[in-house]
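Below is one structure; the comments refer to it alone.
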Amino acid sequence: MGKIQIFILAYARQNLGDDLFIYMLLKKYSKISFVINIENSEHAKAFEKFSNVTIVHEKERKLMRENARQYSAYIYIGGSIFMEGGTVYNISEVFLDFLKECNKSHIPFYYVSSNFGPAYTREYIELARKVYKNCTDICFRDLYSYHLFEEIPTVRYAPDLAFSYQLDEIIAKRKGTVGVSMIDLAIRKDLIQQEENYYRMLTYNILQYIKESKQVYLFSFCKHEGDENAIQKLMKRIPEEYKTFIHCVNYNGDIELFLKNYASMEYMICARFHAMVLSSILGQKCRVISYSNKIDNVVQDLQLFHQKIIHIKELNEETKIPLKEFEEVLPQKREAIAKEAEKQLEKIKELMKSLGE
């Protein structure tokens with residue numbers, strides 16, 4: 001093995017939440033040389049300004065036992081990376097062999113800011129247990145995942161890493177603005193039957209906000225996952241006379257610009273996981289619309305809101321989201337959570353110190 005290089009594994013599909021993870025890592029450890037595989041060059045825009053990362057454009061780079069010694073360390077940073085039946089391969093016998101070789105060769109492997117599941121079989125859970133026993137450190141972002149594996153010495157818990165993100169400048173809230181983070185239900189088999197109710201509900205509430213003299217902003221966190229399609233479907237339902245009050249903000253790899261726009265919202269309807277995280281740390285008045293237990297778990301773990309979470313599976317076209325019911329996370333709680341979230345990188349910090357960063 002030659003010069004010190006750390007390989008980053010991540011969901012690199014120009015998804016705001018996952019890009020933010022990588023962005024934070026590259027920015028924090030600017031003297032360390034990283035390598036990341038991003039198949040589509042368009043999806044690498046968020047990291048082009050960094051001189052400490054080499055971007056490899058390959059279709060797929062599976063980690064095998066025979067090439068474990070290629071890098072000085074490995075960091076797998078991402079949220080929903082342990083879904084049984086998903087496209088990830090890190091809960092498999094082949095990957096377990098790779099981790100065992102890393103152990104044998106004293107090459108560290110870290111998991112950062114993930115949650116476990118959904119899982120459907122005992123076999124999958126037991127294989128995951130073996131994987132976690134053979135990694136250097138895994139820090140889950142929710143207590144549900146942590147408690148499933150807490151007897152394993154390498155398993156820890158801290159709030160999602162993005163809770164510790166800090167904007168480079170203070171962004172003033174634009175009074176009278178309501179943001180909506182959109183998701184595409186058409187690609188989610190368990191929610192597609194709610195698609196009509198979802199768009200009718202949003203249309204009704206958005207028109208109410210406009211009648212209350214609000215400007216509405218629709219946010220797409222990830223084009224690859226259909227957020228922009230969801231915005232287009234919604235806009236087709238908006239009467240022409242109201243469209244001038246609605247603005248679309250699509251994430252295209254410019255993290256700083258997107259977050260400046262996002263941070264300026266006075267109110268936010270948060271359907272995306274990291275919309276909920278960002279609105280919490282930014283002190284926005286918000287309502288959470290949940291499509292997954294991963295959102296419910298974190299809101300409950302941190303006791304973020306007194307409000308009832310709106311679940312997509314339960315909503316109907318008449319579900320009302322009045323602005324008077326929106327709620328912000330108070331500064332003292334935001335600061336405490338941010339401090340805890342920094343512990344996601346606690347073990348990596350020790351690695352970096354040993355490497356001279």
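The values are calculated or read from the model by the stated rules, or taken from the named source; none is laboratory data. Fair warning: this is a prediction, and the values are worked out from it, not measured in the lab. Quick reminder, even Gly has a Cβ in these numbers, built from the backbone with ideal geometry, and neighbours come from all protein chains shown. Areas reflect the complete protein model, heavy atoms only, side chains present, ligands, DNA and RNA absent. Shrake-Rupley method; radii C 1.70, N 1.55, O 1.52, S 1.80 Å.
Regarding residue 11, is this residue in contact (Cβ under 8 Å) with a residue 24 or more places away in the chain and out of contact with any Lys or Arg (no Cβ under 7 Å at 6 or more places or on another chain)? So residue 11 passes the test. Mind listing whichever residues of segment 19-52 are open to solvent by less than 20 Å² (accessible area, probe 1.4 Å), touching a strand residue (DSSP E or B) at 6+ places or on another chain (Cβ under 9 Å) and of a type outside the set (Phe, Trp, Tyr)? Hits for segment 19-52 are 22, 25, 26, 32, 35, 36, 38, 44, 52. Applying the set (1) at pLDDT below 95; (2) more than 25 Å from residue 158 (Cα to Cα) to residue 89 leaves exactly one unmet item: (2). For residue 268, the conditions (1) in contact with a Ser or Thr (Cβ under 7 Å, 6 or more places away or on another chain); (2) without any contact (Cβ under 8 Å) to a residue 60 or more places away in the chain; (3) farther than 20 Å from residue 14 by Cβ; (4) not hydroxyl-bearing (Ser, Thr, Tyr) are fulfilled apart from (2).
Just wondering, is there one or more residues in segment 209-217 that are out of contact with any Lys or Arg (no Cβ under 8 Å at 6 or more places or on another chain) and either within 24 Å of residue 42 (Cβ to Cβ) or modelled with pLDDT under 95 (or both)? The answer is yes, given that some residue of segment 209-217 is out of contact with any Lys or Arg (no Cβ under 8 Å at 6 or more places or on another chain) and either within 24 Å of residue 42 (Cβ to Cβ) or modelled with pLDDT under 95 (or both). Candidates are the residues of segment 334-350 that are open to solvent by less than 20 Å² (accessible area, probe 1.4 Å) and not polar (S, T, N, Q); the one that is nearest to residue 158 (Cα to Cα) is 341. The condition (being assigned to a strand (DSSP E or B), surrounded by 14 or more Cβ atoms within 10 Å (Cβ to Cβ), in contact (Cβ under 8 Å) with a residue 24 or more places away in the chain and aromatic (Phe, Trp, Tyr)) is satisfied by just one residue among 217, 209: 217. Of the residues that sit in segment 53-68 and are open to solvent by 10 Å² or more (accessible area, probe 1.4 Å) and in a helix (DSSP H, G or I), which one is modelled with the lowest pLDDT? The qualifying residue modelled with the lowest pLDDT is 67.
Annotation note: Cβ proximity below 6 Å between a residue of segment 241-256 that is free of Cβ contacts under 8 Å to residues at least 60 places away in the same chain and a residue that is of a type in the set (Asp, Glu) and surrounded by 15 or more Cβ atoms within 10 Å (Cβ to Cβ) (sequence gap 6+ or interchain) occurs for 250/228. On the stretch given as segment 59-73, residues that are under 23 Å from the mean Cα position of the chain (by Cα) and free of Cβ contacts under 8 Å to residues at least 40 places away in the same chain total 4. Restricting segment 271-284 to residues that are over 15 Å from residue 302 (Cβ atoms) and touching a Gly at 6+ places or on another chain (Cβ under 9 Å), the residue that is surrounded by the most Cβ atoms within 10 Å (Cβ to Cβ) is 275. Looking only at segment 168-186, residues that are over 17 Å from the mean Cα position of the chain (by Cα) and either of a type in the set (S, T, N, Q) or open to solvent by 30 Å² or more (accessible area, probe 1.4 Å) (or both) come to 10 in all. Does any residue of segment 189-196 turn out to be under 22 Å from the mean Cα position of the chain (by Cα), among the charged types (D, E, K, R) and open to solvent by less than 40 Å² (accessible area, probe 1.4 Å)? There is no residue in segment 189-196 that is under 22 Å from the mean Cα position of the chain (by Cα), among the charged types (D, E, K, R) and open to solvent by less than 40 Å² (accessible area, probe 1.4 Å). When restricted to residues that are under 25 Å from residue 309 (Cα atoms) and either open to solvent by 40 Å² or more (accessible area, probe 1.4 Å) or not hydrophobic (A, V, I, L, M, F, W, C) (or both), segment 251-270 contains 5.
Answer yes or no as to whether residue 307 is more than 15 Å from residue 219 (Cβ to Cβ), open to solvent by less than 60 Å² (accessible area, probe 1.4 Å) and among the polar types (S, T, N, Q). Here the answer is yes, as residue 307 does meet what is asked.
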